[in-house]
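Down below is the structure, laid out as structure tokens.
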Amino acid sequence: MARSKTTVGDERNANDHLRTTFTGGEVILSPGICALSLTNQRTVLERVRRFRNFTSRNDPFGLHDFGSFRLEQGSASFLWKIVRRCKPEIRPTRRNSRRVLTIMLASEY
């Protein structure tokens, strides 16, 4: 069953809200991100907030739920992913699930 445009738009808006404000869900930083200097942590978080490079390759469903980037040429790659989590026996809905944004080094994936 195909998703309706309204559903995709709602999901995308909720994902964009979490990613750009870090509110409306939970934000998890991987051990690799936590091990970075505070300056680099701030830079990574700001890059996640400002990420706009969505393409048909990295966002085929238009949900804005994944991104990757490098801070500079030759530096480590970073990933972020948004998922909806709920109890395993329950189908996730807006009311019974929580959005989780995880930010990590690509090498931790």
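What FRET efficiency would be calculated for the residue pair Ser68, Asp10, taking the C-beta separation as r and a Förster radius of 30 Å, to the nearest 0.05?
Values: r = 24 Å, r/R0 = 0.81.
Once the sixth-power term is evaluated, E becomes 0.80.
Can you give the Rg and Dmax of the chain based on its C-alpha atoms, in angstrom?
That works out to 14.6, 45 Å for Rg and Dmax.
Between His17 and Arg47, with labels modelled 7 Å along Cα→Cβ, what's the label distance in nm to one decimal, could you check?
Placing both labels 7 Å along Cα→Cβ, they lie 2.8 nm apart.
Give me the percent relative contact order of the chain, please, defined on Cα pairs under 8 angstrom at least 6 residues apart. Walk me through the numbers on the way to the answer.
Values: 140 pairs, mean separation 35.2, N = 109.
Over the chain, the number comes to 32 percent.
Taken together, the values in this text are just the output of simple stated rules run on the coordinates, not laboratory data. What you see is a predicted model, and the numbers here were worked out from it, not measured in a lab. As a convention, Cβ positions derive from the backbone with ideal geometry for all residues, glycine included, and neighbour counts pool all protein chains shown.
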